[in-house]
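Working notes, structure below.
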Amino acid sequence: MREPVKRLVEAGRVLAVQEDQDGRRSAKITLQDGQLYLHPLLRQPTPAHAYTLQESEVVGVLEPSCTLAFLDLGWAGSTRGRVTIRLTPDTPLARQFVLLCTGQRGHTYCNTKLLEVGAKGQPWECVVGGDYESNDGMGGAPLLPDLQGQYRRSVRAGTVLCWCGPGDRKSAQFAIITRDRQDGGQLPDVFGDVVSGLDMVRATVNHSDITEVTVVDCGVVLPL
């Protein structure tokens with residue numbers, strides 16, 4: 001990355017924009033620790049003297065598959081840490097996860113709550129999130145017409161899977177396993193694995209009310 005471009009990105013003055021019948025949405029592009037991040041498209045003011053790119057130009061570099069996404073978790077009014085997830089390439093659930101991290105279809109995981117802790121204290125303990133519609137566990141409709149595919153099975157800590165199943169009306173909800181399962185059993189519909197930030201996910205389990213934890217930001221890693 002050339003130095004003038006790097007300075008623009010570090011200053012938060014490079015945005016991806018998308019125009020539709022309802023107006024303009026924009027997404028920050030940031031540079032942190034040598035990684036380039038695309039944040040979700042939101043209806044927000046454009047900073048003065050911003051350098052803008054068409055969202056289609058930026059998203060084009062993600063094809064045919066995007067393999068790294070992130071969720072920033074926070075509670076009590078502050079961001080606590082970033083969870084980075086390596087997605088299984090070229091699977092419908094992974095593509096849907098990218099769409100909800102970038103907001104390309106108008107919906108995003110940004111500002112959604114974690115919904116519940118599954119099997120708390122058990123070897124297959126997990127946290128559940130992803131209801132971008134009603135934020136109470138009753139929503140999370142699929143964005144793609146067919147999410148069926150060949151998916152791995154696993155219950156290793158850090159596994160990311162479809163909580164309700166690819167054919168369910170709430171199939172945008174996801175679960176992150178926080179403890180390894182030792183009995184040989186496995187859960188289906190795995191589409192990713194946490195590569196950093198699993199300790200942050202585990203920390204959320206200890207909240208008396210898991211819904212206090214929010215996805216305060218999300219997005220994908222762009223190739224440099």
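The values are calculated or read from the model by the stated rules, or taken from the named source; none is laboratory data. What you are looking at is a predicted structure, and each value in this text was computed from that prediction instead of being measured. Counting neighbours? That spans all protein chains shown, and the Cβs are built from the backbone with ideal geometry, glycine included. Calculation scope for accessible area: heavy atoms of the full protein, side chains included, ligands and nucleic acids excluded. Shrake-Rupley method; radii C 1.70, N 1.55, O 1.52, S 1.80 Å.
Structure data summary
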item: Share of carbon and sulfur in the accessible heavy-atom surface of the chain [1.4 Å probe, %]; result: 47
item: Computed over the chain: relative contact order in percent, which uses C-alpha pairs under 8 Å that are six or more apart; result: 24
item: Percent breakdown of C-alpha pair distances by 10 Å bin, ordered from the shortest bin, for region 31-120; result: 13, 42, 35, 9, 1
item: Longest to shortest principal axis, alpha-carbon extents of region 116-224, angstrom; result: 38, 35, 32
item: At most 12 other Cβ within 10 Å, DSSP loop - trypsin sites (Lys or Arg not before Pro), region 1-54; result: R2, R43
item: Taking N as its residue count, the alpha carbon Rg of region 80-121 over 2.2 N^0.38 Å; result: 1.39
item: Cα long-axis angle, helix 92-102 against the chain (0 to 90 degrees, to the nearest 10); result: 50
item: Rounded to the nearest 10 Å², the accessible area of Y51 at probe 1.4 Å; result: 120
item: Pairwise label distance in nanometres, D20 with R43, each label 7 Å out on the Cα-Cβ vector; result: 1.1
item: Reciprocal mean inverse distance between Cα atoms of the chain - Kirkwood radius, Å; result: 17.9
item: Among T211, T178, T108: highest mean-square fluctuation, GNM of the chain, C-alpha pairs under 10 Å; result: T211
